[in-house]
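Structure first, commentary second.
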Amino acid sequence: MGAVKGEDALDGGWGWMIVLASFMAQFLSFGSPQSVGVLYPEWLSAFQEGKGMTAWVGSMVSGVALITSIGCGLVYAATLTITCQYFDMRRGLALGIVTTGTSLGGFIYATLQNELIELFGLEGCLLIVGALALNLMACAGPMRPMKLPGYYLKQRAALQRTEEPEPLYTKPTAIIIDSDLKTTSGSADNTATIKLLIIKEPTELQESEGERKSGILTCSVVARAIKKRMRPYGQYLCESVELLQDRVFMAFCIAIFLFSLGAFPPVLFMEDVAQSEGLIDGIALIPLVSIVAMTTGIGKLVLGILADMRWVNSLYLYALTLTGTGTALLLIPVSKSYMGLQILSAAVGFFSGNWSLTSYITTKIVGIERLSQAHGILMCFGGFGITLGPPVVGWFFDCTQSYDLAFYFSGTCVLLSGLFLFLFCSTLPCRNRMSEEGNSPAEEDINTSQQPTLDCDKVASVA
């Protein structure tokens, strides 16, 4: 499938098909993990383990996906990256719509899984959820790259070379290394040598001709091939270290870790909190996790629209949502009614819609060219937080037989992340920096000239 070309692809056109496909991909891949709180009481009953040990099941689903980018992590990274490539002025809105797929999925899957458990049991429910996830393959169809990647162009060029009338590897007698090398069809050594020569570029053949004549072929060729293969990995490592040296990006990573550590456990434990406190028997028709998912979707849309507004500081907006989430979590142990838990669940869900801002802010910090790599590092921090949060909260309950201390811990972590980001942005040293080329129109509207700008001004105007 061809690539979408030209600036006409930005902020419209085929980009809306990308948004639709990405929305459905996140709906199918993260709907069940977002509503894992419905499954948590079933796991407790099935495995007969402590809450801390059982919590690993739910935390590993989302946490590992973000740390190693396997399973759902592949979907999450791909959909956000391609959406950022297709949108600029409306990037916040587009990301808000895409990430709402996760929330809508969590809302629907919470009720769906509850009904499936009643009809088919836990195992039958998981089998049906897995079958629904197979529809992800159809979501990949409309995703055309803005520009054809380099590896694809190289593969296509190599394929064209193989279609020439007299390709190199079909006529071994045409390769003359020296008078001592006999290219006979029955020689296994010659065949291996020819195959090795085929994969080498012409410049490499010329450079290593003298070495082959002197009898040093294998070691030199293998060493050069290994060096060539390892070069991209070394470059990636250097670029990652460079990103982590950016103080704004590093502060954002720390905030994401603390937020994920404290904010994800309520998604897993909220239903068990209501049952443990005797506020409800069983699971309500609209579970608390559904309320969290629904209000998260609303939050993603609202925050995404706000981020596109020129007068809004998206980094401070993100810090504000962290503060709001932490405050709501601290109030959960105080609430002694199911209605109170519903209201606090809605507040936690709305402020947790700040996930739609992560790619937006990352793009403003590092640029669209390094978004994929930077977002991967950011999600790795978030993945560790999501993986560790629920087991820690579960162990608090196992030790105290109460969720009060656990939610105080969660709320404190999230509140600290918001305060840390606020304080860091307010104390960031000012130093001159020329405006970088290739800024998005949103940045150009703020930095209206090509004059030198200040780092503190840049951070304060990343929206």
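So, Gly340, is that one part of a helix (DSSP H, G or I), without any contact (Cβ under 8 Å) to a residue 24 or more places away in the chain and open to solvent by 10 Å² or more (accessible area, probe 1.4 Å) or not? Working first, answer last.
Details: part of a helix (DSSP H, G or I): yes; without any contact (Cβ under 8 Å) to a residue 24 or more places away in the chain: yes; open to solvent by 10 Å² or more (accessible area, probe 1.4 Å): yes.
Yes.
Within segment 315-323, none of the residues are out of contact with any His (no Cβ under 9 Å at 6 or more places or on another chain), on the phi < 0 side of the Ramachandran plot and free of Cβ contacts under 8 Å to residues at least 60 places away in the same chain. The lone criterion from (1) among the hydrophobic types (A, V, I, L, M, F, W, C); (2) surrounded by 23 or more Cβ atoms within 10 Å (Cβ to Cβ); (3) out of contact with any helix residue (DSSP H, G or I) (no Cβ under 7 Å at 6 or more places or on another chain) left unmet by Leu315 is number (3). When the residues of segment 370-418 are filtered to those that are over 21 Å from the mean Cα position of the chain (by Cα), modelled with pLDDT of 90 or more and of a type in the set (A, V, I, L, M, F, W, C), the one that is least open to solvent (accessible area, probe 1.4 Å) is Cys413.
Report yes if Tyr40 is closer than 20 Å to Met137 by Cβ, in contact (Cβ under 8 Å) with a residue 60 or more places away in the chain and among the hydroxyl-bearing types (Ser, Thr, Tyr), otherwise no. I'd like the intermediate steps shown before the answer.
Working: closer than 20 Å to Met137 by Cβ: no; in contact (Cβ under 8 Å) with a residue 60 or more places away in the chain: yes; among the hydroxyl-bearing types (Ser, Thr, Tyr): yes.
In short, no.
Determine whether segment 272-282 contains at least one residue that is in contact (Cβ under 8 Å) with a residue 12 or more places away in the chain and within 20 Å of the chain's Cα centre (by Cα). No, every residue in segment 272-282 fails to be in contact (Cβ under 8 Å) with a residue 12 or more places away in the chain and within 20 Å of the chain's Cα centre (by Cα).
For segment 356-369, a tally of residues being within 10 Å of the chain's Cα centre (by Cα) and either free of Cβ contacts under 8 Å to residues at least 40 places away in the same chain or surrounded by fewer than 24 Cβ atoms within 10 Å (Cβ to Cβ) (or both) returns 1. Summed over segment 64-92, the residues that are within 19 Å of Leu303 (Cα to Cα) and open to solvent by 50 Å² or more (accessible area, probe 1.4 Å) give a count of 2. If the condition is being outside any helix (DSSP H, G or I) and touching a helix residue (DSSP H, G or I) at 6+ places or on another chain (Cβ under 6 Å), then segment 70-82 contributes only Gly71. Just a yes or no: is a residue in segment 421-435 open to solvent by 60 Å² or more (accessible area, probe 1.4 Å), aromatic (Phe, Trp, Tyr), within 19 Å of Ile332 (Cα to Cα) and at pLDDT 65 or above? No.
Checking the condition farther than 30 Å from Ser402 by Cα and either over 22 Å from the mean Cα position of the chain (by Cα) or open to solvent by 60 Å² or more (accessible area, probe 1.4 Å) (or both), which residue from Ile291, Ile286, Ile298 passes? Only one candidate qualifies: Ile298.
Scanning segment 89-123 for residues that are out of contact with any helix residue (DSSP H, G or I) (no Cβ under 6 Å at 6 or more places or on another chain) and modelled with pLDDT of 85 or more gives Ile108, Leu112, Glu115, Glu118, Leu119, Phe120, Gly121, Glu123. Screening Gly121 against (1) open to solvent by less than 40 Å² (accessible area, probe 1.4 Å); (2) on the phi < 0 side of the Ramachandran plot leaves a single unmet condition, (2). When residues of segment 227-256 are filtered for being of a type outside the set (Lys, Arg) and open to solvent by 20 Å² or more (accessible area, probe 1.4 Å), how many remain? Final tally of qualifying residues: 17.
The values are calculated or read from the model by the stated rules, or taken from the named source; none is laboratory data. All of these numbers come straight from a predicted model, not from anything done at the bench. Counting neighbours? That spans all protein chains shown, and the Cβs are built from the backbone with ideal geometry, glycine included. Surface areas here come from the heavy atoms of the whole protein model, side chains and all, with no ligands, DNA or RNA. Shrake-Rupley method; radii C 1.70, N 1.55, O 1.52, S 1.80 Å.
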